[in-house]
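S.K.: Please read through the structure below; I'll follow up with questions.
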Amino acid sequence: MSADKNLQDLVYKKTNFYKQLSVKEKKKVFDFAENYKVFLNECKTERECTSFAIMRAKEKGFKEYHFGEKLENGDKRYFINRDKGVTLFKIGNRPLETEGLRIVVAHIDAPRLDLKQLPIYESDGFCYLKTHYYGGIKKYQWTAIPLSLHGVVVLKDQSKVKINIGEKEDEPVFYISDILPHLARNQMSGKAQDIISGEQLNVIVGGIPLENAEGEQIKLNTLKLLKDFYGICEEDFISAELSITPAMKARDVGLDRPFIAGYGHDDRSCAYACLESMFEVENENTSICILVDKEEIGSEGNTGMKSKVYEDLIEEICFALKVNPRQVRGRSICLSCDVDGCYDPNFASVFEKRNSAIISCGATLIKYTGSGGKSGSSDASAETVGKVRALFKDSNVIWQTSELGKVDMGGGGTVAKFISQLNIDTVDLGVPVISMHSPYELISKADLYSVYMACLAFLK
Ligand code: MN
Ligand code: MN
């Protein structure tokens, strides 16, 4: 028996997290999910995520930080990047030169439909907004569902108007049409990418003509309503960032409620786990939680992970603590928290099951991403994976390992490569997601909680 048992230990197994949970632990997992759903419902854009994170940070005693300020042991600070990203950090008492920083990162942007600069037009009884999609989407999935409008408009006088319409029960939603099946013979026999074109992602926003007006009366009525509610005119759309997002609320899925369907699990599930883990650990190490924008379009610009601002921030922290940033970066380690495609029995052919993330089997550790022969991946070293694995074992984190789908089936990347370029050991970890990048994605509460546990173990 014991010899046989020892032999069985040689075999690696994934186990469903729910199987291993006591009643008390299950309550923790479900309570965490309840709070996460509140976050998901309140945060449909990177700006809203940033505001939420700042609010939470303030509640937990964090204070805003600006470059050049003094820092000392025990400080809890947050740095805001243009209202579209926020970085929390805690100064620990262990020596930075030898211990480095513990960094967790997640992105807070998600695929959506951005409004064009001149979006409003009228046609045959409708007022529409034209959009330009952001991130990788299946365009046909965005038709015939309730949509909301989120964002900011900067007016001529430089004042900023926040817009959020379509989330409350008594507010109207917006809508993109699809064609009735009766007339869809050509549409349905074509390629999926042509079912709905980018220029057909036009959002219905109005339908009542303005009385006694000349020209496009429905468009004018819509503009009048916008003027009355928000004080904006058509030209103001040019200096705006407005996004159309799904208006659906996050909901439990299944009779036994193991899953959550919602918009933006990629990557707000990881962002929430990272953020909350920063509040729980009383760490000896100096830790940083970066919530970053623009991952879905290549981490570009001054709010994406490629921005110099993140390297600058690390340097500023080091200068304030009178340590050499180059030395510190070389000793630092980063968990790049981003979701992975979850093995879907309904679409088994695109996955290599042995090396795929299985639902409810815990946080998934992803050594490499990329496509076409790992191209574009930073490929974490065996040493880095080994170190993280040991941390997880010590803290009883439920985790698994995966890569994204079969070789040459497609692929994807994360912000990991931009952090590792800074001479920081980095490895990906995340929540497995079903129907990723759709308007209503699905995750397991067990996996969400596992990523939170993983971040806690890592920052400790
Ligand atoms: Mn992602
Ligand atoms: Mn994504």
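Since every read-out is calculated from the coordinates, none of them should be taken as a lab result. These figures come from a predicted structure and were not determined experimentally. Heads up, the Cβs are rebuilt from the backbone with ideal geometry, glycines too, and the neighbour counts pull from every protein chain shown.
S.K.: Using DSSP, restrict attention to beta bridges with both residues in the chain and report what percent are antiparallel, rounded to the nearest 5.
M.R.: Numbers: 53 of 77 bridges.
Counting DSSP beta bridges with both partners in the chain, the antiparallel share is about 70 percent.
S.K.: Next question. Against the longest alpha carbon principal axis of the chain, how many degrees, from 0 to 90 and to the nearest 10, is the axis of helix 382-394 turned?
M.R.: Once rounded, the angle reads 80 degrees.
S.K.: Here's a follow-up. Setting aside same-chain residues fewer than 8 positions from Lys116, which aspartates and glutamates have a Cα under 14 Å from its Cα?
M.R.: Of all the aspartates and glutamates, those that pass the test against Lys116 - Cα under 14 Å, at least 8 places apart if same chain - are Glu199, Glu234, Glu235, Asp236, Glu241.
S.K.: How long are the three semi-axes of the equivalent ellipsoid for the range 49-200, computed from the Cα gyration tensor as the root of 5 times each eigenvalue, in whole Å, largest first? Could you put the intermediate results ahead of the total?
M.R.: Numbers: eigenvalues 385, 82, 36 Å².
Working from the Cα gyration tensor, I get semi-axes of 44, 20, 13 Å.
S.K.: Taking Lys374 as the anchor, which lysines have their alpha carbon closer than 17 Å to its alpha carbon, excluding any fewer than eight residues away along the same chain?
M.R.: Lys406, Lys417
S.K.: If I stretch the segment between Asn346 and Gln117 completely, what's the gain in nm (0.36 nm per residue apart, minus their alpha carbon distance), one decimal? It would help to have the intermediate numbers written out before the result.
M.R.: Numbers: separation 229, 0.36 × 229 = 82.44 nm, distance 3.98 nm.
Result for the pair: 78.5 nm of gain on full extension.
S.K.: Just need the relative contact order of the chain here, percent rounded to a whole number, with Cα pairs under 8 Å and 6+ apart. Don't jump to the answer; show the numbers that get you there.
M.R.: Numbers: 969 pairs, mean separation 98.3, N = 460.
That works out to 21 percent.
S.K.: Once you list every other residue whose beta carbon is under 14 Å from the beta carbon of Glu216, what net charge do they have if Lys and Arg are +1 and Asp and Glu are -1? Don't jump to the answer; show the numbers that get you there.
M.R.: Details: positive: Lys219, Lys224; negative: Glu122, Asp124, Glu211, Glu214, Glu234.
Taking every other residue near Glu216 into account, the sum is -3.
S.K.: Next question. Classify the chain as rounded, prolate or oblate, taking a ≥ b ≥ c as the square roots of the eigenvalues of its Cα gyration tensor: rounded when a/c is under 1.5, otherwise prolate if a/b is larger than b/c and oblate if not.
M.R.: On the way: a/c = 2.06, a/b = 1.38, b/c = 1.49.
Oblate shape, in that a/c is at least 1.5 and b/c is the bigger or equal ratio.
S.K.: Against the longest alpha carbon principal axis of the chain, how many degrees, from 0 to 90 and to the nearest 10, is the axis of helix 445-459 turned?
M.R.: The angle comes out near 50 degrees.
S.K.: Could you size up the charge dipole of the chain around its Cα centre, putting +1 on the beta carbon of Lys and Arg and -1 on that of Asp and Glu, and report it in debye to the nearest 20?
M.R.: Values: 59 positive and 65 negative charges, 279 e Å.
For the chain, the charge dipole is close to 1340 debye.
S.K.: When the helices in the chain are scored as -39500 (n - 2.57) per DSSP H run of 4 or longer and the sum is shared across all residues, what 222 nm value do you end up with, to the nearest 500 deg cm²/dmol? Show your work: numbers first, answer last.
M.R.: Working: 12 runs with 133 residues, N = 460.
After summing the helix terms and dividing by the residues of the chain, the value is -9000 deg cm²/dmol.
S.K.: Roughly what angle does helix 217-230 make with the longest principal axis of the chain, taking Cα atoms, 0 to 90 degrees, to the nearest 10?
M.R.: So the helix axis and the longest Cα principal axis differ by about 50 degrees.
S.K.: Now a separate question. Toward the positive end of the charge dipole of the chain, about the Cα centre and with charges on Cβ (Lys, Arg +1; Asp, Glu -1), which of His132, Ala454, Ala213 goes farthest?
M.R.: Highest projection toward the positive end goes to Ala454.
S.K.: Separate question: Can you list which of the GluC sites (Glu not before Pro) found in the range 290-336 are DSSP loop residues with at most 15 other C-beta atoms within 10 Å? Mind dumping the intermediate values first?
M.R.: Working: sites: Glu295, Glu296, Glu300, Glu311, Glu315, Glu316; in loops: Glu300.
Filter output for the range 290-336: Glu300.
S.K.: Quick one: of Lys322/Lys367; Lys28/Lys393; Lys5/Lys393; Lys44/Lys130; Lys84/Lys306, which pairs are farther than 22 Å apart, Cα to Cα?
M.R.: On the way: Lys322/Lys367 34 Å; Lys28/Lys393 20 Å; Lys5/Lys393 20 Å; Lys44/Lys130 19 Å; Lys84/Lys306 14 Å.
Distance filter (> 22 Å) returns Lys322/Lys367.
S.K.: In the chain, which Cys residues have no partner Cys with a Cβ closer than 4.7 Å?
M.R.: Cys127, Cys233, Cys274, Cys289, Cys318, Cys334, Cys342, Cys361, Cys455
S.K.: Note the full-extension length gain between Asp83 and Asp228 as 0.36 nm times their separation in residues minus their Cα-Cα distance, in nm to one decimal.
M.R.: Going from the current span to full extension adds 49.6 nm.
S.K.: Mind giving me the nanometre distance, one decimal, between the label points for Arg389 and Gln158, set 7 Å out from Cα along Cα→Cβ?
M.R.: Distance between label points: 5.6 nm.
S.K.: Taking square-rooted eigenvalues a ≥ b ≥ c of the alpha carbon gyration tensor, is the range 148-274 rounded, prolate or oblate, where a/c under 1.5 means rounded and, failing that, a/b exceeding b/c means prolate? Before the final figure, lay out each step's value.
M.R.: Details: a/c = 2.05, a/b = 1.23, b/c = 1.67.
Oblate shape, in that a/c is at least 1.5 and b/c is the bigger or equal ratio.
S.K.: Now for a separate question. Which GluC sites (Glu not before Pro) does the range 60-166 hold that lie in a coil by DSSP with at most 14 other beta carbons within 10 Å? Each step should come with its number before you reach the end.
M.R.: Values: sites: Glu64, Glu69, Glu72, Glu97, Glu99, Glu122; in loops: Glu69, Glu72.
The qualifying sites are Glu69, Glu72.
S.K.: So between Asn396 and Glu34, what do we pick up on full extension, going 0.36 nm a residue minus the alpha carbon distance? All intermediate terms of the calculation are to be shown ahead of the outcome.
M.R.: Details: separation 362, 0.36 × 362 = 130.32 nm, distance 2.29 nm.
Going from the current span to full extension adds 128.0 nm.
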